[in-house]
Amino acid sequence: MASSFSLSFLKKLQRTNDVVSFFFEKPEGFDFIPGQYLYITIPHQDADDRGTTRYFTISASPTHENLMITTKILNRPSTFKRHLNQLQAGDTVTTFGPMGTFVLDETANRHHVLLAGGIGMTPYYSMISYIADKKLSIPVTLLVSFSSEKEKVFYEELTALAKNNPQLSISYRSKKLSKELITKHIPGDARYFLVGPSAMVEATKQLLTQLEIPTDQIVIEDFHGY
Ligand SMILES: Cc1cc2nc3c(=O)[nH]c(=O)nc-3n(C[C@H](O)[C@H](O)[C@H](O)COP(=O)(O)OP(=O)(O)OC[C@H]3O[C@@H](n4cnc5c(N)ncnc54)[C@H](O)[C@@H]3O)c2cc1C
């Protein structure tokens with residue numbers, strides 16, 4: 001059940017030019033489903049218009065030792081991201097969660113088609129790591145678009161997982177997801193997940209409509225704020 005608690009910061013890891021993962025100690029008894037998110041507060045006096053709170057998907061799997069969030073730290077970040085990026089080991093942040101219905105249903109062996117743009121990879125890393133660790137028999141097709149080679153978040157980790165799992169197919173594209181690409185990878189009966197910044201989600205949703213995918217087979221998470 002969602003509740004308020006504080007998280008102790010452990011360390012960070014630079015993943016690409018501008019994407020960083022932040023690790024926090026997992027509180028005793030904290031449970032979540034792959035795909036869920038947290039509402040994180042970092043109080044600071046010099047907050048800009050966007051304030052002191054943000055939503056972040058938990059990009060770690062529940063099977064991992066620590067909690068992890070993964071985000072872009074731009075050259076001119078918001079005051080929130082600047083303070084996030086300056087956390088030192090042992091610092092605490094306040095959080096509320098876990099929340100969200102954009103989640104893996106581990107009881108359904110139906111094919112999962114995971115569609116993402118860039119930073120939208122965060123819930124999928126959690127889901128795919130969980131499927132691997134639990135040895136679940138869920139076929140997964142991951143289609144990701146990136147603006148440049150340097151933006152391939154979690155690429156090495158996921159490629160390694162795909163090597164050991166014939167049911168996991170991964171395709172990274174430097175272009176936008178197209179109707180042709182989705183059609184090529186479409187299995188017969190599947191559950192479609194779609195996540196990313198609002199503009200990407202809206203454009204891909206239209207493609208799925210054109211492909212006559214029933215809306216009850218599509219689960220969407222909009223990273224509004226990007
Ligand atoms: C349910 C949910 C889950 C989310 N999960 C994640 C997650 O796992 N990882 C994550 O990074 N974010 C996630 N977000 C979005 C997150 O909450 C922030 O809104 C987002 O990271 C932007 O942060 P920022 O406002 O601190 O801006 P910064 O990233 O510091 O950017 C500074 C400014 O630049 C603008 N900007 C940033 N990128 C672009 C762009 N591509 N084009 C134009 N302007 C841009 C921003 O609007 C902002 O005004 C999630 C949002 C929701 C609702």
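The numbers here are math on the coordinates, done by the rules we state, and not lab data. As the structure is a prediction and not an experimental result, all values here were calculated from the model. With ideal geometry, Cβ positions are generated from the backbone for all residues, glycine too; neighbour counts draw on all protein chains shown.
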Compute the distance from the alpha-carbon center of the stretch 44-63 to that of the stretch 4-28, in whole Å.
11
How far, in nm, would the chain grow between residue 186 and residue 150 when pulled straight, counting 0.36 nm per residue and subtracting the alpha carbon separation?
10.3 nm
Along the Cα→Cβ direction, 7 angstrom out, place labels at residue 14 and residue 85. What is the inter-label distance in nm?
1.1
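Around residue 89, under 12 Å between beta carbons, what's the net of Lys plus Arg minus Asp minus Glu among the other residues? If you can, show how the numbers build up before the last one.
On the way: positive: 11, 12; negative: 25, 91.
With Lys, Arg at +1 and Asp, Glu at -1, the net is 0.
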Which value in Å is the Kirkwood Rh of the stretch 3-99 over different Cα pairs?
13.6
Go through the stretch 176-226 and name the trypsin sites (Lys or Arg not before Pro) that are in a DSSP coil and have 10 or fewer other Cβ atoms within 10 Å of their Cβ.
none
Ignoring GluC sites (Glu not before Pro) buried by more than 11 other Cβ within 10 Å or outside DSSP loops, the longest site-free run in the chain is 66-211
Quick one: putting +1 on the C-beta of Lys and Arg, -1 on the C-beta of Asp and Glu, what dipole do you get for the stretch 77-180 around its Cα centre, in Debye to the nearest 20?
300
Estimated distance in nm for a label pair at residue 64 and residue 46, the labels positioned 7 Å out from Cα along Cα-to-Cβ:
3.0
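Taking only the Cα atoms of the chain, how large is their convex hull per residue, in Å³?
Normalising the Cα hull of the chain by residue number yields 126 Å³.
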Efficiency of FRET from Cβ geometry, residue 203 and residue 28, R₀ 35 Å, rounded to 0.05:
0.25
Nothing charged except the Cβ atoms of Lys and Arg (+1) and of Asp and Glu (-1): what's the magnitude of the dipole of the chain about its Cα centre? Round to the nearest 20 debye.
620
With the calculation restricted to Cα positions, what are the radius of gyration and Dmax of the stretch 34-163 in angstrom?
16.0, 49
